[in-house]
Amino acid sequence: MSSAQQTRPASLEGQAFCMEDISQTIRIFVVDNLLFEQGDGHFSNDDSFLENGLIDSVGILTLVEFVRETYAVPIADEELVPENWDSVHRIATFVQTKLNSDFLGKEGFSRHSLPKL
């Protein structure tokens with residue numbers, strides 16, 4: 001199945017993810033699985049992974065797969081840019097945007113059909 005045809009697993013259906021939860025999940029994954037030996041987990045969510053030598057390009061690809069599997073979001077090749085993948089905050093923002101667009105794209109929902117607050 002291609003990533004564009006990916007469907008959300010039943011365990012994730014209807015589940016809302018807030019930015020803080022996404023950031024925490026990404027951070028835990030990075031600390032537990034990707035930090036180079038010199039990485040001690042003391043970095044901010046805005047710190048660049050590549051500029052600070054926290055993880056390398058292979059680690060970024062591992063993160064892409066983790067996000068794809070964890071949040072069941074399609075990720076296009078053109079979305080594999082540092083603006084989306086070079087910090088915990090950037091990844092969380094990207095994931096939240098993808099999840100929101102997936103929700104709004106469901107039948108019966110559009111940005112125009114949501115009530116104004």
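Per the listing Leu104, Leu35, the residue uniquely in contact with a Gly (Cβ under 8 Å, 6 or more places away or on another chain) and at pLDDT below 90 is Leu35. Candidates are the residues of the stretch 48-70 that are at pLDDT below 95 and among the charged types (D, E, K, R); the one that is farthest from the chain's Cα centre (by Cα) is Glu51.
Looking across Ile75, Ile91, one residue alone is assigned to a loop (DSSP other than H, G, I, E, B), of a type in the set (A, V, I, L, M, F, W, C), within 10 Å of the chain's Cα centre (by Cα) and surrounded by 12 or more Cβ atoms within 10 Å (Cβ to Cβ). It is Ile75. Cβ-Cβ distances below 7 Å connect the following pairs, each with a first residue in the stretch 42-53 that is in contact (Cβ under 8 Å) with a residue 12 or more places away in the chain, a second residue that is among the basic types (Lys, Arg), and a separation of six or more residues or different chains: Asn45/Arg27. Looking only at the stretch 51-72, filter to residues that are among the acidic types (Asp, Glu) and not in a helix (DSSP H, G or I); which one of those is farthest from Arg27 (Cα to Cα)? Top of the filtered list is Glu51.
The values are calculated or read from the model by the stated rules, or taken from the named source; none is laboratory data. As the structure is a computational prediction, the values presented were derived from the model and not from experiment. In this analysis, Cβ positions are derived from the backbone assuming ideal geometry, glycine residues included, and neighbour counts consider all displayed protein chains.
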